Amino acid sequence: NPFDKKTRLAVESARENIQLLVVLLDTNPYIWGKRRSDQNQPSSYKQNLKTLINFSQFLNHVLLFTNAYLSSNSKNKIAFIAAHPKESKFLFPHTSTDRVQSENATTTTTGEQDLLRIVRSDKATEEFFLKEINFNTLRNTVIKQLEETFTETDDELVVKGSSLAGAFSRALCFINRLEREKPIGTTLNSRVLAFQVSPDISMQYISIMNAIFSAQKMNVTLDSCILSTEDSSFLQQASYITGGVYLKPLKQEGLIQYLLSVFIVDKSLRGLVQLPVQATIDFRAACFETKKQIDLGYVCSVCLSIFDQHKWSCSTCGVKFEVLQQVRTGAIQPKPKPGSQPTNNTQSK
Amino acid sequence: MDIDAEDDNEIPDHVHGASGDTGYVWEGQFTGAWSMLDDNQEGQIINDLQLKEQVRKRQRLTSMTTVTDSIVRKGIIRFMYLILDLSAGVLQPVAHDLKQSRVSVMHEATSDFVKEFFDQNPLSQMGLIVTRRGLAEKILELTGGQKSMLTELKEIFDPSPRADDEPTPDPFGGDPSIQNSLLIAHSALQSIPQYGSREIVIAYSSLSTCDPGDVMTTIQLMKDSSVRCSVVALDAEMYVCKKLSHDTNGTYGVALHQESFKELLLAHALPPPTTTKQKNMKPALIRMGFPQRRSDNLFSICNCHSEIKAGGYICPRCKCKYCDLPTECTVCNLTLVSSPHLARSYHHLFPVAPFVEIDAPKGVDARTAGQRFDGTMSVGTDVNRIIELCGNMSKDNTLCCFGCLKHIPRENSLRLLCTRCEKVFCVECDGFIHQSLHNCPGCE
């Protein structure tokens, strides 16, 4: 019965519900460029590398997915951020070089004028919420911005890997602003979808974890789609903690099928759909010095650095450790006093 | 209603309105609102209310979170006892200072405090002591479990009615005893390892204490054992509490109204800096295990509930299963944590540098403009470059916030600059970054 109270309530609440998806694209030019050159290689040993897609194919898949996402509900909103090695960059909605163009500047289409108005004042975020996003405008803006991003790349910084933590932090700031400025009575469900091709950088671990905990507090789920050859343990932990989906597609040329069956599903419907789950998540820490994964280790009580062997002073914060219980039981050698003979040792492990 | 004609003998002295006349606290915020407007030289009213609002918000944030740039050693692994005063002071009628009763204010604030404490310090443990009728009682030993603390608090403040018809004993009443509660906490804190930071937070709502002996000797005992005692008071200031917190390097806060009580209490969720006087706190290497999570398809008996459950974490040393982390293995006494738990505390050790304001406040002339940066920037930043950058940017009207893409015009809003990556942020992103995110998006 379409007129019963429960259905009417469901329809009413659905009207006030706005979905926001922020897409993080990893635009590391070194890795994408290497793929393209690998694809062009005729040699047979690189045959298996030909299953990895190059950037233009990848962008086709993503834009097709975006069109489907925007068509599925008129209230769906989307934003794009490129995670580049030097810094992250907003592809859509976009400002030119962080400055707003003056009022008299001519723009190519009225769509772009609207986009600039979005970022210009808080009253215009109402338009962002109320008006539908035009896919053509979006596609043209994204492609144009990506071209600009790639042309202004600095050669030295490329091999470092992309700044996924920076892009994620910016996405969270943007979501925070929209939460604050949304029209009264609407609920905003936000999620972030990250595409990654670069390997994990251990220096970014702390930043990514900070961003993850902040996302968890804000109820933002992070989904990750891994297009590199190795798994990313950072994104595995991120997706697990925030309740998102972690997926490493086996056949990348069919990426659109993975996107349309897994990543298009809203948060509210995820309980009804069978989504890929992670069997084991590697929560083990890595030793700060030897960088290998450890099950059992030692943690400095001052700076929380992790070591896999016993030490007498912490290499991160320089603090010296006192005599331990284990020395008395003989498990560890006592620290030799300067200028004295080493004591004859008991059985030590 | 004519406020001046009211009989103000019953209204306590500490309640004053915004413009100084006596009245109820909630009336105070509506008087004197015109005093916030200024006029410029031509006599026109300057519309900078938005700017003032932002400056006030930022000042509140910076004072609450103590955004400093120097790296200070903090007590990350904390063992804290929360002492609640459930004496007759808590039963004060809904009178002059609070909109809700003191009981509900205490309940709400302590529940929020417990949640925030375990969120910010996942490796720490907390216990509960209450004092009433001249005695002190230890309700809960030191535990890392948030749920047990919350259920005990609910049991005290909002007890469920008993099944049998016996009348429930009155949970509040009598006199509080600071000395007894401190002695109980002290004996309990003696057994913890030396690398931990020992703390006591007292939520006090009376004006006196009823002690069996000399409370000053107990205060001296606390000082010698390097236990950091802090007090958050709902009633007026007391000399005993002041001496206790001062001698043990804690803090003493007196709440003006319920929001300030909650703010003062939540400030203790952040790790305190350790002082050289705490000579008993020696740094040590703690043996910890990092268990892997088992797949949810495998069922086995867990060690914490003795029930068959799916998933769980396996202790690397003795191979017992536990449902939740962080926990201590009951068989081999190994602390089990996962790397996100340690990562939750890293932001205390590597905080984000505070942002500087681009535009100088009104009334500051160009000569002294550079001096406002003294002491606000970390060692190693090029101060002259920052001054030059601020000078150029303050004339620019087209700046957008790097975090949220909002355009921040020159007049009527606060613009903030990160000294390391030289990006501009608005005041909301600044609050979000320093309180919640702990990452500067531009520096990554």
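Every residue, every condition in (1) open to solvent by less than 30 Å² (accessible area, probe 1.4 Å); (2) among the aliphatic types (A, V, I, L, M); (3) under 20 Å from A:PHE283 (Cα atoms), yes or no:
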| residue | (1), (2), (3) |
| --- | --- |
| B:HIS257 | no, no, no |
| B:LEU270 | no, yes, no |
| B:PRO283 | yes, no, no |
| B:MET288 | yes, yes, yes |
| B:CYS315 | yes, no, yes |
| B:LYS319 | no, no, yes |
| B:GLU328 | no, no, yes |
| B:THR335 | no, no, yes |
| B:LEU342 | yes, yes, yes |
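Only residues that are at the interface with another protein chain (Cβ under 7 Å from one of its Cβ atoms) and closer than 30 Å to B:PRO273 by Cα: list them for the range A:295-305, please. First the steps, then the outcome.
Step one: of the range A:295-305, the residues at the interface with another protein chain (Cβ under 7 Å from one of its Cβ atoms) are A:295-304.
Listed by number, the residues that qualify are A:LEU296, A:GLY297, A:TYR298, A:VAL299, A:CYS300, A:SER301, A:VAL302, A:CYS303, A:LEU304.
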Hey, A:ILE175 hits all of (1) within 20 Å of A:ASP282 (Cβ to Cβ); (2) within 14 Å of another protein chain (Cβ to nearest Cβ) but one; which does it fall short on?
(1)
Considering only residues that are among the aliphatic types (A, V, I, L, M), at pLDDT below 85 and either under 11 Å from the mean Cα position of the chain (by Cα) or farther than 28 Å from A:PHE129 by Cβ (or both), which ones fall in the range A:152-191?
A:LEU157, A:VAL158, A:VAL159
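Residue-wise test of (1) outside any helix (DSSP H, G or I); (2) under 20 Å from the mean Cα position of the chain (by Cα).
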{"position": "A:SER214", "(1), (2)": "no, yes"}
{"position": "A:SER224", "(1), (2)": "yes, yes"}
{"position": "A:TYR258", "(1), (2)": "no, yes"}
{"position": "A:PRO276", "(1), (2)": "yes, yes"}
{"position": "A:ILE281", "(1), (2)": "yes, yes"}
{"position": "A:PHE288", "(1), (2)": "yes, no"}
{"position": "A:TYR298", "(1), (2)": "yes, no"}
{"position": "A:LEU304", "(1), (2)": "yes, no"}
{"position": "A:GLN309", "(1), (2)": "yes, no"}
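Which ones in the range A:262-281 are facing chain B (nearest Cβ under 7 Å) and not polar (S, T, N, Q)? Please lay out each step first, then the result.
In the first step, residues of the range A:262-281 are kept if they are facing chain B (nearest Cβ under 7 Å); the result is A:279-281.
Across the range A:262-281, the qualifying residues are A:ALA279, A:ILE281.
Within the range B:167-209, count every residue that is acidic (Asp, Glu) and either closer than 22 Å to B:VAL240 by Cα or part of a helix (DSSP H, G or I) (or both). Steps first, please.
Step one: list which residues in the range B:167-209 are acidic (Asp, Glu), which gives B:170, B:175, B:199.
Still in the list and also either closer than 22 Å to B:VAL240 by Cα or part of a helix (DSSP H, G or I) (or both): B:175, B:199.
Looking only at that region, the number is 2.
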Of all the residues that make up the range B:389-422, how many are open to solvent by 40 Å² or more (accessible area, probe 1.4 Å) and either facing chain A (nearest Cβ under 9 Å) or without any contact (Cβ under 8 Å) to a residue 60 or more places away in the chain (or both)?
7
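Here are A:PHE234, A:PHE150, A:PHE195: which of them is away from every other protein chain (no Cβ under 14 Å) and open to solvent by less than 40 Å² (accessible area, probe 1.4 Å)?
Numbers: A:PHE234 fails: away from every other protein chain (no Cβ under 14 Å); A:PHE150 fails: open to solvent by less than 40 Å² (accessible area, probe 1.4 Å).
It is A:PHE195.
Would you say A:GLN252 is open to solvent by 60 Å² or more (accessible area, probe 1.4 Å) and among the polar types (S, T, N, Q)?
On the way: open to solvent by 60 Å² or more (accessible area, probe 1.4 Å): no; among the polar types (S, T, N, Q): yes.
No; evaluated as a whole, the condition is false for this residue.
Could you check the range B:210-226 and list, in sequence order, the residues that are in a helix (DSSP H, G or I) and open to solvent by less than 60 Å² (accessible area, probe 1.4 Å)?
In the first step, residues of the range B:210-226 are kept if they are in a helix (DSSP H, G or I); the result is B:215-224.
Answer for the range B:210-226, where residues must be in a helix (DSSP H, G or I) and open to solvent by less than 60 Å² (accessible area, probe 1.4 Å): B:VAL215, B:THR218, B:ILE219, B:MET222.
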What about A:THR125, is it buried (at least 17 other Cβ atoms within 10 Å of the Cβ), touching a strand residue (DSSP E or B) at 6+ places or on another chain (Cβ under 8 Å) and modelled with pLDDT under 85?
no
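The values are calculated or read from the model by the stated rules, or taken from the named source; none is laboratory data. Bear in mind that the values here come from a model prediction, so they are computed numbers and not experimental data. Because the Cβ atoms are built from the backbone with ideal geometry, glycine has one as well, and the counts that use them run over all protein chains shown. Please note that ligands, DNA and RNA were not included when accessible areas were found on the heavy atoms of the full protein model with its side chains. Shrake-Rupley method; radii C 1.70, N 1.55, O 1.52, S 1.80 Å.
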